[in-house]
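Below is one structure, written out as structure tokens, with a few remarks after it.
What follows is calculated from the coordinates using simple rules that are stated; it is not laboratory data. Owing to the predicted nature of the structure, the values given are computational and were not obtained by experimental measurement. We place every Cβ from the backbone using ideal geometry, glycine too, and count neighbours over all the protein chains shown.
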2 protein chains.
Amino acid sequence: MLVLDTDGYNFRGHVLKNRLIDYSRCSVLFKSERLRQQIYFLKEIDNLKQILRQTVLIADKRQENDAEHSWHLAMLVMVLSEYSNNSSIDLLRTMKMVLIHDLVEIDAGDTFCYDEEGRPGKVERERKAAHRLFNILPSEMTQEYIDLWEEFEAMETPEAQFAASVDRLQPLLLNLYSEGYAWKKHGIKKSQVIERNHHIAKGSTTLWEFAQNLIDEAVSKGYLIDE
Amino acid sequence: MLVLDTDGYNFRGHVLKNRLIDYSRCSVLFKSERLRQQIYFLKEIDNLKQILRQTVLIADKRQENDAEHSWHLAMLVMVLSEYSNNSSIDLLRTMKMVLIHDLVEIDAGDTFCYDEEGRPGKVERERKAAHRLFNILPSEMTQEYIDLWEEFEAMETPEAQFAASVDRLQPLLLNLYSEGYAWKKHGIKKSQVIERNHHIAKGSTTLWEFAQNLIDEAVSKGYLIDE
């Protein structure tokens, strides 16, 4: 039996044609349809490693990708959770959120956070991507992953607020320790960085205090423009 | 005050000379010595993104790095935990183990799993690396991270066994879906893959059954040598 692999969308948002999967072969490989869906999802998200961000790595100044970024965020959650404003956040759910929060960019692409022109349509692109990707999973898992992603986006629960804090703090760290590489390249101003990142305080006042010191340090070193 | 940054080892195992940090500057940036240690650790582990593995990515066949691999493992834990032989594993601890399990390779490098010559000395190199890296953290966190890493290495707890299962399964998936790229490059035999991966069964009999089907599929497609 030959059927269409997805619901019409695909990697990088282009409509798929003739991407046919022979499920009679699959039945040899997979014990159950459930396992096939899970493995296909894990295969599809390998593409997160292809999505480049504007931030560069400290050692060699190459652009970071979304999978590396997501791993680093999980490490920030692990190491810095004591600074969450809410002392009893669910660490596992916070970790899950940071691990999946950028998967939508497999279809929607990365929008540079200081790119005002790229913003319109971002929400709609990412919503479509979430539904395409998470629908690869068994149906009751689909809802769980959409819920997690929407919780992260809404930034209302303590877990989502702390996840958002580390999502903002991590590129600040890479920028500081790469001598402001991405900031200098794009001529970013201190006021833009404050505007973009001040909601770190919602998840952690301690980390926002640190971030402000970091931003001042970056200005003093000439990495950021202070107009 | 100028002091040595580390205990003598460094990124890639070379002894550091003259790597001096001016802590009087740091005191402006960091509210506490504790936060400084945590941030320095998070900065140091950015180097995990530099450690290349033999396995290649599905989309473009470039070598995967350890940070991407660790993120992917965390996703496997999230998606496939229902197949753990032990139905009540602690998911958060399992997740932490896969996130940190390869950090030692920042100093010790990646040893290709079918490289018999690279094996001697690996344990000692990695032990040294664990102590160098985790000692960057505040002291009571150092012990927590060394314990986690040693638990993973010992493969005795249900969490460590499931973590080891996904650590083996993930490269099998990438190999199958990249048309056996790394296997063909190194002339790997079916018997080597079985020998290397059969302990997937300790963490999950279901995933080992799937892995065996996957290996048979790889042989039938000519990705693996079946002597």
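In a Gaussian network model over chain B where Cα atoms closer than 10 Å are linked, find which of B:Lys96, B:Lys43, B:Lys122 has the largest mean-square fluctuation.
In this elastic network of chain B, the residue with the biggest mean-square fluctuation among B:Lys96, B:Lys43, B:Lys122 is B:Lys43.
Roughly what angle does helix A:205-220 make with the longest principal axis of chain A, taking Cα atoms, 0 to 90 degrees, to the nearest 10?
Rounded to the nearest ten degrees, it is 60.
For the protein assembly as shown, give me the percentage of DSSP beta bridges that are antiparallel, rounded to the nearest 5 percent.
Once the DSSP bridges in the protein assembly as shown are tallied, antiparallel ones form about 85 percent.
For A:Leu103, B:Leu73, what ranking results if the residue with the fewest other Cβ atoms within 10 Å of its Cβ goes first?
The fewest-first ordering by Cβ neighbours comes to B:Leu73, A:Leu103.
How would you rank B:His69, A:His199, going from fewest to most other Cβ atoms within 10 Å of each one's own Cβ?
A:His199, B:His69
Divide by every residue of chain B the summed helix terms, -39500 (n - 2.57) for each DSSP H run of at least 4, and state the resulting mean residue ellipticity at 222 nm, rounded to the nearest 500 deg cm²/dmol.
-17500 deg cm²/dmol
Check chain A and count each lysine pair with an alpha-carbon distance under 14 angstrom, considering only pairs eight or more places apart or from different chains.
5
How high is the relative contact order of chain B, in percent, counting Cα pairs under 8 Å that sit 6 or more residues apart?
For chain B, the relative contact order is 21 percent.
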